[in-house]
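All remarks here apply to the structure that follows.
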Amino acid sequence: MRGVHSQIRTRGQGELEVGNAGVFQPENTGDVRRVQNHIGFYPTAAAIKAFAKELLKFRTAKGSIQFPLEKPLPLALIRKITAFRVRASLEQDRKWRT
């Protein structure tokens, strides 16, 4: 999953902490955490809302998605969500620079 982030981000820096990995741009593009029964992906509430139909198969909360450990990760969906967050982050960065 961390590799998916690395492929998509344009200028972010990958950071790994105990228990989680995140890809950071001017803004966070999504944290990843392995928990006992699932992998948690935290791409923000806006991303969850934007991909609500595609996320119906998974447990979600306001800003998180749970991917069960026993099933393959939906890498195509993760790529789309990460790309969405990168675009949103860059757009937010542009607003502050003008």
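The values are calculated or read from the model by the stated rules, or taken from the named source; none is laboratory data. These numbers come from a predicted model, not from an experiment. Cβ coordinates were reconstructed from backbone atoms using ideal geometry, including for glycine residues, and neighbour counts include every protein chain displayed.
For (1) small (Gly, Ala, Ser); (2) touching a His at 6+ places or on another chain (Cβ under 8 Å); (3) assigned to a helix (DSSP H, G or I); (4) modelled with pLDDT under 90, each residue gets a yes or a no:
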residue	(1), (2), (3), (4)
Arg33	no, no, no, yes
Ile39	no, no, no, yes
Ala47	yes, no, yes, no
Pro72	no, no, no, no
Arg87	no, no, yes, yes
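Can you run down the residue pairs with Cβ atoms below 6 Å, 6 or more apart or on separate chains, where the first is in segment 54-70 and assigned to a strand (DSSP E or B) and the partner is of a type in the set (Lys, Arg)?
Gln66/Arg59
Inside segment 42-63, can you point out the residues that are within 13 Å of Phe84 (Cβ to Cβ) and among the basic types (Lys, Arg)?
Across segment 42-63, the qualifying residue is only Lys49.
What are the pairs, 6+ residues apart or on separate chains, where a residue within segment 41-53 that is closer than 15 Å to Ala76 by Cα has its Cβ under 8 Å from a residue that is of a type in the set (Asp, Glu) and not in a loop (DSSP other than H, G, I, E, B)?
Close Cβ pairs (under 8 Å, with a partner that is of a type in the set (Asp, Glu) and not in a loop (DSSP other than H, G, I, E, B)) amount to Phe41/Asp31.
Considering each residue of segment 34-54, count those that are within 14 Å of Gln66 (Cβ to Cβ) and basic (Lys, Arg), and give that number.
Number satisfying all stated conditions: 1.
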